[in-house]
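Bear in mind these aren't lab numbers, they're just calculated from the coordinates by the rules spelled out. What you see is a predicted model; the values in this text were computed from it and never measured. Methodologically, a virtual Cβ is constructed for each residue, glycine included, from the backbone with ideal geometry; neighbour enumeration extends over all protein chains shown.
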Amino acid sequence: MMRLATRTARRAGRCSVGMVESPRVAAGPRSGAAHGRPRLRGVAHDVPSAGYATAHGRDSSGSAVRQRPRRTTPYGMHVMRIPGTTTYRRAAFGLAAFGVVALHAAAPRTLAGQEPAAYAFVGVNVVPMDGERVLEDQTVVVRGPRIAAVGPRASTPVPDDARTIDGRGRWLMPGLAEMHAHVPPVPRGSDAWPDREALDDILFLYLANGITTIRGMLGATYQLELRDLIERGEVLGPTFYVGAPSINGSSAPDPETADSLVRAHAAAGYDLQKIHPGVSLETWDRMARTAHEVGLTFGGHVPQAVGLRHAVETGMSTVDHIDGVIQVVTSAPAGAPPAEVFSSIDEERLREVADLLVAHDVYVVPTEYLWENIFGVFDPEEMARLPEMRYVSPGQREAWIRQKQRQPPQTPEAAAAVARARRHFIDVFEERGVKLLMGTDSPQMFNVPGFALHREIRVMREAGLTPYEVLVSGTVNVASYVRDHLKKDGRFGTVAAGQRADLVLLDGNPLESLDHLAEREGVMVRGRWLDGEAIRARLERIAAKHATP
């Protein structure tokens, strides 16, 4: 009750749920830089997506703004196509998306250079994420992959062997997590590696955006070795939790096959079992029993034959894409048109679904920004000119444009109903205590790894969450999921002694405005420091590879 009362007070005047009109044109960069240094900018600044929030009297941080009449975006009304089922057609993505064109059997290269024995962020304002608070004028000492000390600057000594980082006028927070990520695929069952340079670039795009943890949701054998190399510091990348190749209607047409696959995936060392559509109820039940037996959690889509309630009650740990919810909560009759289905939400049923998820400790990964890309109505050629598309190959940009152009049109009424309902689900889930996890399903249609997460953050804020609640979904909730469901070390997601040294240094307070997440002065991943200038230089080199002649 205290939590809900506090949340209600902080969210007074928040964005209501209504017609979605989110412009997707890049705004000009903000002028000036703290302390005379250039800022490491991200999409959170570059694409404000202000139309929806501004129409409801709030800016992206929740501050009041002058009311403006609605207007059509350069892409027309931003709406969503109604899928025919609970799932949607996957966006085309292949090895060519980031220039990955070759497979290699050799293991990847190792990192060069030596790290200092310790780091000390001195005079920094700490956003610890153990509550909605800021600890001012602190010293944070990092030794190896862990935080060694956090305390007031005046009483916390800086080790003699530490490299000092000036934290005055800056904010230090935990690194974020992308909980529905993808790294380059290889043919199912192959032991080969994708092109190493392109793989390194994708991992770096996550880090450059302050993402220090990813959960891969379509695994391959090489990713198990990659995970371990990252953990040992031999490959630069975010901490990687690897989902197994999926259980779906094709890979597991019968219960016996599902049983065999789950046992093989657990023995191979995958961190979780990915679920795709098409699984029969009988196959699902066998899969779930075997997964519990071998200690392998499972999550992803909710197959139609299984249904949300049964999936949750048999042990599903994450519901991705808000799959299966509309079938439970709509009060529209069977066969009703989509606009009626998504406009006829039974609020009591929705609350019951939320309470069911809470009771079974099931996490939800909305991937809402992806839905708005796939089912929205906009000019795809304009979308392909967004700032982050510099880091995608021209061939992939063209493939996304063609894919969008092939989609059948939908009515604005139906599309608006879907957007309104999904954002409402996110808001109610947070209100009822469902644990949300940040995720984007990148790379998918116009979702570039790393950059897409900042767009998802903005969508979550516009759905009604406070900045703190949004950040919890990418930090604290991730740690509890890893600890309780993956059964891995969950000592990360907050800034405290003993926690994994995954940190982001910002020029502004993210609790005041999530736009400050774009003002990155540097990123630390497992104790390895990447300063803003080095990140910018690497991003420019990646963009140069994909520049259009």
- Separation of the GLU282 and ASP355 label points, Cα + 7 Å toward Cβ, nm: 3.6 nm
- Only loop residues by DSSP count here, and only those with at most 10 other Cβ atoms within 10 Å; note down the chymotrypsin sites (Phe, Trp or Tyr not before Pro) in region 428-500 that meet that. none
- region 355-430: GluC sites (Glu not before Pro) in DSSP coil with no more than 12 other Cβ atoms inside 10 Å: none
- Enumerate the amide H contacts of PHE378 below 5 Å, restricted to partners 5 or more residues apart or on another chain; note that Pro and chain-start residues carry no placed amide H. none
- Note on the structure: Residue separation between LYS545 and GLU293 times 0.36 nm, minus their alpha-carbon distance, gives in nm 86.0 nm
- Query: Dipole size in debye (nearest 20) for region 176-490 around its Cα centre, Lys and Arg Cβ +1, Asp and Glu Cβ -1?
  - Reply: 240 debye
- Please label the shape of region 176-490 as rounded, prolate or oblate, based on the square roots a ≥ b ≥ c of the eigenvalues of the alpha-carbon gyration tensor (a/c under 1.5 means rounded; beyond that, a/b larger than b/c means prolate, else oblate). rounded
- Item | Of LYS274/LYS545; LYS274/LYS487; LYS435/LYS487, those spanning more than 23 Å from alpha-carbon to alpha-carbon | LYS274/LYS545
- Item | Dipole-positive endmost among GLY433, PRO394, GLY508 within region 392-534 (Cβ charges, Cα centre) | PRO394
